[in-house]
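The values are calculated or read from the model by the stated rules, or taken from the named source; none is laboratory data. What you see is a predicted model, and the numbers here were worked out from it, not measured in a lab. Using ideal geometry, Cβ is built from the backbone for each residue, glycine included, and neighbour counts are taken over all protein chains shown.
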Amino acid sequence: MNIFKRLFKIGSAEANSLVDKLEDPIKMTEQGIRDLKEDMSKALQAMAEVKALAIRAKNDANTHQERANEYERKAMLLLKKAESGEITPEEADRLASECLVQKDQNMASAESCRADQAKFEASVSKLDGNIKHLKSNIQKFEVELKTLRARSKVSEATSNINKQLADIDSSSTVSMLERMKEKVAQQEALAESYGEIAAENKSVDDEIDKAIGSGSAQVKASDSLAALKAKMAGTAK
């Protein structure tokens, strides 16, 4: 059926790399499935209409057959009445002949209706086969669509991760480390600078106290040394 040609490009896209040329394979596949479902709906309607024609042809054939049988029965009844003397043989023959004409016409109509019935039923059978095939393809395409959606999500996530990883290359890492070293060195220099400033800002009183303290210790040490020498001299006498 020509209606299956709509999905030909999508069905062969992966094999021949046409999928890259499509704006959105998922949306196009969804639209293709919607088109197929619409075609199936129309096919179902057409099959119902043809089936109705087949039923009508069958009923008409039965009606014409019943009428033909009825005219034949009436013709026989007329002949019997002529035999019994109820009507003249001439009248019976004339009316019976008319009944047979009507019988033949109804028989012909019945045969024509049966022929139409056969054609309609053949069309119904063909439409039914096409609809089943169409339904099978729709189910297959819906399964493939689910797979395509899943693959699309995975590929998109993988692409995003790979893109992020690609941005973090060795050069950017080295550059980041260099910036960190520079920042640490600057912080160390700043700390040393603050230390020097703190040493320069000592008060004069601190210097005086330091000087006095150092001198007192020397005087005390000198006195202790003199006392020790005097003690040793006395012991020697």
(Q) Looking at the range 51-77, I want the residues that are within 10 Å of GLN117 (Cα to Cα) and have a partner that is buried (at least 17 other Cβ atoms within 10 Å of the Cβ) and of a type in the set (S, T, N, Q) with Cβ atoms under 7 Å, at least 6 apart or on another chain. Which pairs are those? (A) ALA54/GLN117; ALA57/GLN117; LYS58/GLN117; ALA61/GLN117
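Determine, yes or no, whether SER152 is at pLDDT 80 or above, over 22 Å from ASP35 (Cα atoms) and assigned to a helix (DSSP H, G or I).
Criteria met by SER152.
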Q: Any chance you could count how many residues in the range 131-166 are polar (S, T, N, Q) and crowded, with 16+ Cβ neighbours inside 10 Å?
A: 1
Q. Can you tell me how many residues in the range 76-88 are surrounded by 13 or more Cβ atoms within 10 Å (Cβ to Cβ), more than 26 Å from HIS64 (Cα to Cα) and out of contact with any Ser or Thr (no Cβ under 9 Å at 6 or more places or on another chain)?
A. 1
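Every residue, every condition in (1) out of contact with any Asp or Glu (no Cβ under 8 Å at 6 or more places or on another chain); (2) surrounded by 14 or more Cβ atoms within 10 Å (Cβ to Cβ), yes or no:
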{"residue": "LEU44", "(1), (2)": "yes, yes"}
{"residue": "ALA57", "(1), (2)": "no, yes"}
{"residue": "THR63", "(1), (2)": "yes, yes"}
{"residue": "ALA68", "(1), (2)": "no, yes"}
{"residue": "TYR71", "(1), (2)": "yes, yes"}
{"residue": "LYS103", "(1), (2)": "no, yes"}
{"residue": "ALA108", "(1), (2)": "yes, no"}
Q. When you go through CYS99, CYS113 one by one, which is the residue that is without any contact (Cβ under 8 Å) to a residue 40 or more places away in the chain and in a helix (DSSP H, G or I)?
A. CYS99
Q.
Checking the condition more than 30 Å from LYS146 (Cα to Cα) and modelled with pLDDT under 95, which residue from SER84, SER112 passes?
A. SER84
